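Input: a single structure, listed below in structure tokens.
The values are calculated or read from the model by the stated rules, or taken from the named source; none is laboratory data. A quick note: this is a predicted structure, and the numbers were derived from the prediction, not measured. Quick reminder, even Gly has a Cβ in these numbers, built from the backbone with ideal geometry, and neighbours come from all protein chains shown.
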């Protein structure tokens, strides 16, 4: 049997798992949800003050729950696409050590599931 014969064909009747397309959100919806959950103004998500946890959470939400590219996310928040990637990566790493950040992420995930 060659390698090609082993790959499934159109006649393959084996059961395949259904992949549900997860709902994606717009930048505006994510912004509104974060502002609502943490009772902050939407402008605070765009603030360039150092250590803005809400902006980091917003970047995380945009990267993980929208169909926007890093470049598009960067244009929305006024950052370079590589800075967006690094900021989200650092935020995720920090959330693994910080229970407060982890609980913030969980609150947003719960709200997005119910949205």
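I'd like the full set of residues that are part of a helix (DSSP H, G or I) and touching a residue at least 12 places away in the same chain (Cβ under 8 Å), limited to the stretch 65-87.
65, 70, 73, 76, 77, 81, 82, 84, 85, 87
If you go through the stretch 48-60 one residue at a time, do you hit one that is touching a residue at least 12 places away in the same chain (Cβ under 8 Å) and in a loop (DSSP other than H, G, I, E, B)?
Among the residues of the stretch 48-60, at least one is touching a residue at least 12 places away in the same chain (Cβ under 8 Å) and in a loop (DSSP other than H, G, I, E, B), which makes the answer yes.
So which residues in the stretch 88-106 are part of a helix (DSSP H, G or I), closer than 23 Å to residue 39 by Cα and either without any contact (Cβ under 8 Å) to a residue 60 or more places away in the chain or more than 14 Å from the chain's Cα centre (by Cα) (or both)?
88, 91, 92, 94, 95, 99, 100, 101, 102, 103, 105, 106
Given the conditions (1) closer than 15 Å to residue 107 by Cα; (2) in contact (Cβ under 8 Å) with a residue 40 or more places away in the chain; (3) touching a helix residue (DSSP H, G or I) at 6+ places or on another chain (Cβ under 6 Å), report the number of the one that residue 38 does not fulfil.
Result: residue 38 passes all but (3).
Taking the criterion of being touching a helix residue (DSSP H, G or I) at 6+ places or on another chain (Cβ under 8 Å), exposed (fewer than 13 other Cβ atoms within 10 Å of the Cβ), modelled with pLDDT under 95 and closer than 17 Å to residue 31 by Cβ, would at least one residue in the stretch 97-115 satisfy it?
Yes, there is a match, as at least one residue in the stretch 97-115 is touching a helix residue (DSSP H, G or I) at 6+ places or on another chain (Cβ under 8 Å), exposed (fewer than 13 other Cβ atoms within 10 Å of the Cβ), modelled with pLDDT under 95 and closer than 17 Å to residue 31 by Cβ.
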